[in-house]
Each structure stands twice: as C-alpha cells, then as structure tokens.
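This report refers to the structure that appears directly beneath it.
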Ligand SMILES: *Cc1c(COP(=O)(O)O)cnc(C)c1O
C-alpha cells in the first residue's frame, strides 16, 4: 500500500551529543573533512549505507549506539573540537572584513544549487557554480544571502534499461529529512511569501533556510496547504515543464525571492542587501519586485525606480547557445503581469518592454529573460573571456551603433571550490608547501618542491579509488539492468588502476558531443586495446528528460561499452552527480572535453581535474581557450570556421585520436628507471602551479566582489542618497537625453596634415557638432582611431575625447583634439557623440550614439 503522506521522524539526541545536530545543520560539513570523519565515527557501516548523508545517519543510527557515544570520552572530545572549530569559522573575520566600503550584504539568486550530493537541487554546471560561489563567499567572509527554490523532486536520478536507454526517477524529498530549517517569525509562525496570480488566485510559498557555512540560503517551496494543487506543484521539479510552469517558477524565484529576503532580514537582523546578483536570467523578475518596492515605498516613478534598482544589480549570463536563453511568448507575460494581476506600480507594458527583442534580428513575439536581465542590471558579465566576447556579439543588438568590443558585457571566468573538489591527499600534499592553499593566490610556485614519487603515489591512490568506485557503480548498474551476480564476475576486473585513465562527464546537450570519441569505433577500440599503451575511458552524463537525441547518444556509448572485448576498458557510469563528479575529476589522468567551439561558456569540470593533478585534453573553448599555455595539457585543434558539421566532427575526432595515440599515451607510459613518468609529472606540476591559483573559486569570488559587487554598491548608494535624489536626477537626465537625441549630429570633420603623416606626429582634428539643445556636459565628442582593415573598419580603436566646444554658427559647436600617430601602417579614424554622465557605467550604456553622416574613416596608406 502506498502511503498517503510521508514525513521524517528525527531522532532525539542524548544531551552530550546535541552539538551533532548543529554540525549537521550547517552544510559546511560538505567541504570539511574533519567533520565528515566525525560523522563516520558515529557508525562507520551505517555511514556507507546512508551514502554519506549525515541527516540520514542521525535519523537511522540506533539508540544503543547513541548511548554508547554519549559516554565515549574520546568521541565527545572530538565533537567538542569540531563544534568549536565551526564556531570559530563562522565568526572570525576574513578577507572581506578588511575591505572598505564593501556592500553590507549581497543577495545571490540562482534557480539551482549544487551544494552536496545529499541535496540534489542541481542539474549541471550552473548549479555547481552557484554552490561553489556560496561556499567560497562563506570562506572569504562575503556577506552573501543565497536565494533559490526547493524542488520536491529535485533533478532526476538516472539509471539504464537493459538496452542502454536512460531511465529517470524522481525521488521525493521530505524537507524535514534534509539539513534545512523552516523560516519562522518571532512568534514561531512559518513565514509565508505570496504572489498574485491571474483570476484572483495566489501562489504561496514557505521558506526553508539552509546554512552554507556563514552564508544563509533561502529556498522557496510552494508545497503548502494554502495552495491549490497547481500552485503546490510549482516547485515540484527542476526544469520540469515549459511555459506556464516555468514562468511561475521564475516569478516565485525572482519576486518571491525578494520578499523572502525581506522577511529573513526582518527576523534575523541581517543587513539588507545592497547588491542583487542574478545568476542567469531565470531570476530576472527580482528587478521588477525591487522597482515595485521603490515605487510604493519611496514614491519614485517607474523610471526612477528602474535607475535605483539597476545600479545595484549584477546579471551573469551563462550560455552562448541561443536556444539556451529563456524566452516566453509575450501573451504569457501579459497573462501573468497584466489584467487583474497587474501591479499598478509595475504596468505590464513596461514589463513587456523590458524583455522585448526590439532590435534588428529580434523576434517581436517573445519575451527574453536575458534581455530583461541586461536592462535591469547596470553590470553584466559572461563566465570566461571567450564567452564575454561571444556574449557581446550575441547581445550586441541591444547597443546598436557601437562596436562589439564596446558592448557593456564583461567577463569573470568561473572557478571551483577547492575544499569541495580537491582530494584530501592532494590538499595535504600541497598544504605542506603552500599553507593556505585553498584560498591563496600566492605561493603556488612551491608546489614544484613536492617530490615526484610522492606526487605519483597520490595520483595512483586516486586512480585506484576511482577504479574501485567505478566497479561498484558498474555492478549496481548491471544489477538494475537485470544481470545476475554470476554474469558479473568480469566487473571485478573492469578497469585497471595502472592504465592511463581518461574521463568524460557532462550533461548531454548535443553541442558537448558525447559521442565524438566514437566517430571511428575501430580507432577507439585500438586505443583501448593497445598492447603496450592501453587507454581506459570512464564516461558519465545525464540527458535532459525531454531530449531524445541526447538519450540516443548515451545509448550509443553504452552499447559500445557493453561489448565484451572492450568492456574492461570503457565504462558508462549512470547518475552523474557531485559524488561521481568528485570521484572522476580526482581519479582521471586526463580530462577530455570536446564541445563545439564556442558553445561551452566556461566549463568547470576540467578545473576540478587540474587542481587534482589531472591534465586537460580539450577543444580551446570556455576557460581552456584562455588558460591553455602549450604545456599544461593539450588543445584539440578545432575546425570552428567549418560550416559542414559532419566534416567538422571528422576533423576534430581525427585530431583527438592522434593526440591520444602520439602524445598523451606516449608521455604517460614513458617511465624512468624508477618507474616514474617524469615528463608527465612535470606537466602535472606545471598545471597545478600555473592553473591552481586561477581556477580557484576564491579568485572568482574576489573578482566578483572587487569588479562588480563593490562598484554596484557604490552606484546603488549614489542613487539612494538624499531620498533617491540621484535616481531621480539620473532618470530625468536620461529622459532629456532620449528626447533630444534625434537632434544630435556630427556636422563635419576637418583635419590638416593628412598629406604627409609620419610616425610620432599628431593629427589635428576639428569637429563641428550639433548637440540638439543638450548642454556640453551631457555629451562627449570623441574620436576613435587606430588600425583599419581592408574594408576600412577600425580594429580595436582607441578613443580620445575632444575638447573645446566653442560656438561657431547656428548653435553648432566646434571641438578639437590631436590624434597621436603612434605606429606606421594603414590608419583611420572616425568621430562620434555619445551621452556622458558620471553615473553611467560606460559610453555604450544608453545605446545612443551620433556618427558622421557618411563614414568619415579614411585610410592614408602607409605612414612614414
Ligand atoms: C562540475 C560539474 C558539472 C559542470 O562541469 P562542466 O565542465 O561545466 O560540464 C556538472 N555536473 C557535475 C555533477 C559536476 O560535478
């Protein structure tokens, strides 16, 4: 019989063990080995049975065992130590506490979080990144508040059918069985967040509080009795439905999330966030809620509130794949933000305008969450240098008239949280040389001092651990696929702890090309079965439940790996999650990555491998494009100019085989008399020394704080001061500029000395401009200059602001300046007028520019 309700009964701990509960409720344990050791000591066998989930451990440990521990002096001492250590971690000042004028608090919104495998509220890289961001913020003392949704079924867990087809299961989570507490007000009543829906319905949510080290994380959960069934199901699963369901999730996350923060700050006394960070467009509605607050509480107009809100908002875009951008039919937005559900202070027309693709090539029928994100955030970034470039291209339409390089989208390259991803053995080895290795960006040079035999021993240990873990998973998977124990004796021999091990694990959208390695199955077979230099490959990945194509790719791999002659050298391990990810990135010698460049925004699994002494073998995409240096791994040449996808796959797969055959495996098996692969270890050291400090999430979070959060807080304060005088003034100024702009023009441009330019001379330029009635201080008249290409386009131009502004005639003004001719060769220049205001983040911010009537760039032939 099926239970009609389920709940989790928590055990009551004997008084001397009460601190265990505190330790379990702070997710710091997920990256703190000593605390995990302590949990293991509670009941080592049970610890394995419950899959290292401390909440389940405490739920299932026997009362007898607990009474024994309650009088075990050694255990109690360890418990006391762990509790004290946690307390110190939570209260001691850290990196952030030394900063001046840093934001009092930052709200971080993400639709998914990968904190630990025991909280499977993530599907892939976006969530893992968000989890690492929170943990690192905690380590650095950054006062972040995380906001997300609690999905009753999380993301699916994956298994295989006998013929290798992906099967999905959605386990039900009882929040009471997770390391969460319900947010309650002072009177003990659970907090309710409510947002209005069409037809007078309401969507209610309760708020769960997770403690990620120092960082509180608020998770909204619509599964409450005040909701009708449809509303209860809003937070049923991660990326479950489309259309209405998805929109409701995003409304709850963005709008409900801001309301949850207000409640949390009121109850806990936590300072209110000065900066709001939207991790991907899904949470973008938070800007609307902040506008609503400002209009109704501070009496601002919509436009003034928009300025005040966007000054303190940061938006991070995560996908260069247009299909990966969240878009809704405009009618849907109308349905939920208009009619009786329209907020008087947030008119639906204004909402629609924020997400409109009203630029060349835009689709006029959709509402684009990323576009709204960019209009509601003054600071926008991609997640690697290359992704920044691609994003500037992709969203350039929003800043028409500006060169791609000037599109105000920057980049901060992702990083990974060492405490979560780096094997303890590696951390211990590195810590001998670099004491605060986890946070430090200095001193990594000293990793070179680690003796090579010790480094190789640790690598062997990790590979062997992976092999053992893989065999266990393989056996379990085959059992599920219907094999009997007797048929599975071969599994004990599957994989070999001394064979070169290549890992490949990721979600399975087509651009990641899971099956590229199988392009020529015979060549792959030969690699696997090479008599002297065999290779073994461990593969994992989940396809989105609706992605039949992805499931077929998995099936192709599984069928190949099922063959008797290769099954000991290539395995597919189901249910890629953080635990498996950790095992793979720690144990593999080589981490393989072959996306279609430039569709991998960053990728972080290869960073995890690098920190553990794995070498990357990757297409130059995402982070690898930026940090591959010729000696820290291998770059698979990519044929990304090639239009024919099939031909491109063929070329890139050919290059991949060749690299493995002729370089990777040769180097791995090249041993000195002591059995050490010297050249390999040299490469491992070089990787750790050069990449280590870069790929750390502590570098990433510091970058976010210094480059985005602190400036956003400064802008936000300038907007808010004196009863939002700054926001009112900026908004009024922008209105004035927009109105006057059609009258702004570059009338003509004069130079002298173009006849005989030579290097080192200056080119005097005079520009006559019409400011359309604007004041001189409202604009900058600039000359752009530099090298030009064959079609006279300026390449990476420099900009020089012209001065003067003397009236000539008819209200026109003359500006002058001198262009330095610093280098020989083809040279050109052009002129423009742009809005200028100290509160703009850059010249392109408003997307307004006046250019000369005909392109005035001119080529002068070779400069002498
Ligand atoms: C690290 C990680 C990811 C993200 O890695 P990519 O390189 O971006 O694919 C996804 N899923 C899991 C389980 C991970 O551990």
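Every number here is computed from the coordinates shown, using simple stated rules; none is lab data. The shown structure was predicted, so the numbers you read here are calculated from the model rather than taken from an experiment. FYI the Cβ positions are ideal-geometry reconstructions off the backbone, even for glycines, and counts take in every protein chain you see.
Some observations on this one:
- Relative contact order (%) - criterion: Cα under 8 Å, at least six apart; region: segment 428-505: 27
- Highest average packing first - 590-599, 668-677, 297-306, 352-361, Cβ atoms within 10 Å: 590-599, 297-306, 352-361, 668-677
- Shape parameters for segment 450-695, alpha-carbon atoms, Rg then Dmax in Å: 17.2, 54
- You can think of it this way: the chain between residue 45 and residue 244 has 67.1 nm of extra reach, that is 0.36 nm per residue less the Cα-Cα gap.
- Sum of -39500 (n - 2.57) over DSSP H runs of 4+, divided by residues of the chain (222 nm, nearest 500): -11000 deg cm²/dmol
- In the distance distribution for segment 187-322, Cα-Cα pairs more than 25 Å apart total 30 percent.
- In whole angstrom, segment 740-861 maps to an equivalent ellipsoid with semi-axes of 25, 16, 13, each derived as √(5λ) from the alpha carbon gyration tensor and ordered largest first.
- Projected onto planes of every orientation and averaged, the convex hull of the alpha-carbon atoms in segment 559-623 covers 5.2 nm².
- Size of segment 102-267 from its Cα atoms: along the principal axes, largest to smallest, the extents are 55, 45, 28 Å.
- Take every pair of alpha-carbon atoms less than 8 Å apart whose residues are at least six positions apart; their mean separation over the length of the chain yields a relative contact order of 11 percent.
- Computed P(r) (all Cα pairs; segment 475-544; 10 Å bins; percent): 16, 36, 41, 7
- Here the ratio of the Cα radius of gyration of segment 356-480 to 2.2 N^0.38 Å is 1.70.
- Normalising the Debye intensity of segment 15-91 to I(0), with uniform scatterers on Cα atoms only, and taking log10 at q = 0.16, 0.20 Å⁻¹ returns -0.52, -0.83.
- Angle in degrees between helix 424-433 and the longest Cα principal axis of the chain, rounded to the nearest 10: 60
- Global form of segment 1-145, assessed from the alpha-carbon gyration tensor, a/c cut-off 1.5: oblate
- Counting all C-alpha pairs of segment 672-741, share separated by more than 14 Å (%): 76
- Contact order relative to length of segment 450-695, as percent, for alpha carbon pairs under 8 angstrom and 6 or more apart: 20
- Between helix 286-298 and the chain: long-axis angle, C-alpha atoms, 0 to 90°, nearest 10: 60
- Multiplying the residue separation of residue 752 and residue 298 by 0.36 nm and removing their Cα-Cα distance gives an extension gain of 157.9 nm.
- Length available on full extension from residue 404 to residue 461: 0.36 nm per residue minus the Cα-Cα distance, which gives 15.7 nm.
- Using the Cβ-Cβ distance between residue 498 and residue 812 with R0 = 51 Å, the FRET efficiency computed as 1/(1 + (r/R0)^6) comes to roughly 0.05.
- Shape call, segment 519-637: gyration tensor on alpha carbons, a/c limit 1.5: oblate
- Considering only the Cα atoms of the chain, their convex hull presents on average a projected area of 41.3 nm².
- Classified by the C-alpha gyration tensor, segment 795-843 has an oblate form. Its axis ratio a/c, with a ≥ b ≥ c, is 1.5 or above, and a/b does not exceed b/c.
- Grouping the Cα pair distances of segment 425-567 into 5 Å bins from zero gives a pair-distance distribution of 2, 8, 14, 15, 16, 15, 11, 9, 7, 3, 0 percent in increasing distance order.
- DSSP bridge pairs, the chain: antiparallel proportion in percent, nearest 5: 60
- Distance between the 7 Å Cα→Cβ label points at residue 563 and residue 468: 3.2 nm.
- Rg/Rh for segment 603-684, where both radii come from Cα atoms and Rh is the Kirkwood radius: 1.03
- For segment 174-220, the Kirkwood hydrodynamic radius comes to 12.0 Å, computed from all pairs of different C-alpha atoms.
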